[in-house]
Amino acid sequence: MALVLLFVVLFALLIAGAPVAVALGVASLVFIMMSGLPDVVVLHNMVNGINSFPLIAVPFFIMAGHLMNSAGITSRIFAFARATVGWMYGGLGHVNVGASVVFAGMSGAAVADAGGLGNIEIKAMREAGYDTDFSVGVTAASSTIGPIIPPSLPLVVYGVISDTSIGQLFAAGLIPGLIMAMALMVMVAFYAKIRNYPRDERFQVAPFLKALGNALLPLFTPLIIVGGILTGIFTPTEAAIAAVAYSAFLGLVVYRTLDAKRLLRVSMDTVETTASIMLIVAASAIFAWILTANQVAQMFAQNLLAFVDGKIAILLIIMLIVLIVGCFMETLAAITILTPVLLPVAMQVGVDPVHFGIILILNLMIGLLTPPVGLVLYVLSKVSDVPFERCVTATAPFLIPLVLVLLTLTFVPELSMWLPTAVYR
C-alpha cells in the first residue's frame, strides 16, 4: 500500500506542476511516514546522495559552458565551422551541426548549446535566406549531440546513480555523437537537394586558416577534456576544473572579453543551475533507496521477463518507456527515476551498464525535442521568436535520423563499447 501511495503522490505532484525535486522528496517522505521509519532517514539518504566526488564535475562543466558563451567563444567556433563545411550545399545547415559537435566537447548540455550557439546559427541562416522552420529544426536536433559527446552532465549523473565509470561513459559517447552528426548532415543534404539550398561560400584556404587561427585556442578545450580523460591524465572531475581554468584564461587574459561583472553573472548562473541539479539528485537518492530496499526493480524485471522473451523485445520496451517519460520529464529527473528500475532489467538480458547509459541519454535527448516539456524547443522559441507549436513541427522531421541512430546504437552495442573497451578494459 505504501509503495502504491509513493507513486500516486509522485505523479500527482508532477501533473500538478510541482518541481521534480519537491515531488520526489514529498512522495518519499509520505512513504517513510507510512512505513513508520524515522524522518531522519530522508535527510541521511539525501546527504549521502550528493556526497560524491564525481558530482563535483557538474558545477565546473556548467561554468565552463557559461564562460564559453560569455567570452564570445561560440562565435569563433561558428566561424570556424563555416569556413570548414560551409562550401557544401545547404552549407549553413552543415555548419550548424559541425559547430554543435565542437561545442559539445566544451559544455555537455543540450540547452546550453541551443541557447549559446542557437542565437548565432538561426540569425546567420535567416540572413542567408534559409527557411525559418529548417533553421530551427536543424538547430534543435544538433543541440542533442552535446550530452552524448563528452563531457556530458547527464552521463555524470547517470554514472553516479548507476555506479558506472564516468570515464568509460565519456569514451562510449564519442563515436555515437559523431554518428549523430553524420546522420543529421545527411538529412541536411536531403533538404538542400529538394529545396535547392545554396553553398554558403566556396572553400578557400586563406579564410579557413584565418578562422582556424581565431578558433585554435578554444578548439584545445575538447582536447584537454577528452584527451586528458582518455589518457588518464585527468579524472572527469579534474578535467572539468581544467576546462573552467582554461576557459577563464581565454576570456580574461587572451581575448579580454570577460570582466568582473560578467564573471560574477556567470558564477551566479552556475550556482543557480547547480543548486537545481543537486536538489534533484539529492531527492532522487531517497527515492532510489526506497525502490532498492523494496526490490521494486527486481519485481519489475520478473514481471517483464515473464511476459516478454528475448533481448531485442526487452530493449524495445525499455526504449519505448524511456521515450514516453522523456516527453513529460526533464532529463536529469528522468535519469534519476528510471535508472534504478530499468538498468537491472537491461543487465539481466546482457546489456552493459555503459552501453545502456548511452542509449538512455540519447533517448532522453529525443524527449527534449518533443512536447509537452521539450526544453530545447522552449529555448529556441525564445531565441528565434518563433511560436512553440511551430518549433515542434519544424523539428519533427529531424527526429527521423535521431531515432534511426538510437535504434542502431541499441542493437549494435559495439559502436558504443569499442572505445571504452580499447581504453579501459
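Quick look at the numbers
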read-out: Residue tally, condition part of a loop (DSSP other than H, G, I, E, B) and either open to solvent by 30 Å² or more (accessible area, probe 1.4 Å) or free of Cβ contacts under 8 Å to residues at least 24 places away in the same chain (or both), over the range 47-73; value: 2
read-out: Per-region count, the range 286-337, residues without any contact (Cβ under 8 Å) to a residue 12 or more places away in the chain and crowded, with 21+ Cβ neighbours inside 10 Å; value: 0
read-out: The range 220-235 residues that are over 17 Å from F60 (Cα atoms), paired with ones that are in a helix (DSSP H, G or I) (beta carbon under 7 Å, 6 or more apart); value: L230/A171; L230/V423
read-out: Long-range neighbours under 6 Å by Cβ, at least six apart or interchain, first residue surrounded by fewer than 24 Cβ atoms within 10 Å (Cβ to Cβ) within the range 356-376, second in a loop (DSSP other than H, G, I, E, B); value: L375/L368
read-out: Number of the exception - V111 against (1) crowded, with 24+ Cβ neighbours inside 10 Å; (2) at pLDDT below 80; (3) within 11 Å of the chain's Cα centre (by Cα); value: (1)
read-out: Filter result for the condition that a residue is exposed (fewer than 14 other Cβ atoms within 10 Å of the Cβ), part of a helix (DSSP H, G or I) and within 21 Å of the chain's Cα centre (by Cα), over V271, V253, V244; value: V271
read-out: Which numbered condition L409 misses (of (1) in contact with a helix residue (DSSP H, G or I) (Cβ under 6 Å, 6 or more places away or on another chain); (2) over 30 Å from T292 (Cα atoms); (3) not small (G, A, S)); value: (2)
read-out: Search result, residues across the range 1-21 that are open to solvent by less than 70 Å² (accessible area, probe 1.4 Å) and out of contact with any Phe, Trp or Tyr (no Cβ under 9 Å at 6 or more places or on another chain); value: F7, A12, L13, G17, A18, V20, A21
read-out: Verdict on V386 being in contact with a Leu (Cβ under 8 Å, 6 or more places away or on another chain), among the β-branched types (V, I, T) and over 20 Å from Y130 (Cα atoms); value: no
read-out: All helices (runs of 4 or more DSSP H) inside the range 130-215 with 1 or more residues being in contact (Cβ under 8 Å) with a residue 24 or more places away in the chain, in contact with a Cys (Cβ under 7 Å, 6 or more places away or on another chain) and of a type outside the set (G, A, S); value: 132-143
read-out: Verdict on A313 being modelled with pLDDT under 85 and more than 30 Å from A124 (Cβ to Cβ); value: no
read-out: Condition check for L279: buried (at least 20 other Cβ atoms within 10 Å of the Cβ) and in contact (Cβ under 8 Å) with a residue 24 or more places away in the chain; value: no
read-out: Residue within the range 258-266 that is of a type in the set (A, V, I, L, M), assigned to a helix (DSSP H, G or I) and closer than 30 Å to E127 by Cα present; value: yes
read-out: The lone exception for R76 - which of (1) open to solvent by 10 Å² or more (accessible area, probe 1.4 Å); (2) under 15 Å from E201 (Cα atoms); (3) at pLDDT 80 or above it fails; value: (2)
read-out: Residues located in the range 377-399, provided they are of a type outside the set (D, E) and open to solvent by 60 Å² or more (accessible area, probe 1.4 Å); value: Y378, K382, P387, R390, T393
read-out: Among the candidates L402, L415, L407, L419, residue that is within 21 Å of P154 (Cβ to Cβ), at pLDDT 85 or above and exposed (fewer than 15 other Cβ atoms within 10 Å of the Cβ); value: L407
read-out: Lone unmet requirement of (1) over 22 Å from A282 (Cα atoms); (2) in contact with a Leu (Cβ under 7 Å, 6 or more places away or on another chain); (3) small (G, A, S) for G350; value: (2)
read-out: Failed item in (1) more than 30 Å from the chain's Cα centre (by Cα); (2) surrounded by 13 or more Cβ atoms within 10 Å (Cβ to Cβ); (3) under 23 Å from P401 (Cα atoms), with F190 passing the rest; value: (1)
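Residue by residue, here is whether (1) out of contact with any helix residue (DSSP H, G or I) (no Cβ under 8 Å at 6 or more places or on another chain); (2) of a type outside the set (A, V, I, L, M); (3) modelled with pLDDT of 80 or more; (4) closer than 30 Å to V349 by Cβ holds:
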residue	(1), (2), (3), (4)
G227	yes, yes, yes, no
I241	no, no, yes, no
T257	no, yes, yes, no
T274	no, yes, yes, no
V296	no, no, no, yes
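The values are calculated or read from the model by the stated rules, or taken from the named source; none is laboratory data. This one's a predicted model, so the numbers in the text were calculated from it and none came from an experiment. Every residue, glycine as well, gets a Cβ built from its backbone with ideal geometry; the counts of neighbours run over all protein chains shown. Heavy atoms of the whole protein, side chains included, go into the accessibility calculation; ligands, DNA and RNA do not. Shrake-Rupley method; radii C 1.70, N 1.55, O 1.52, S 1.80 Å.
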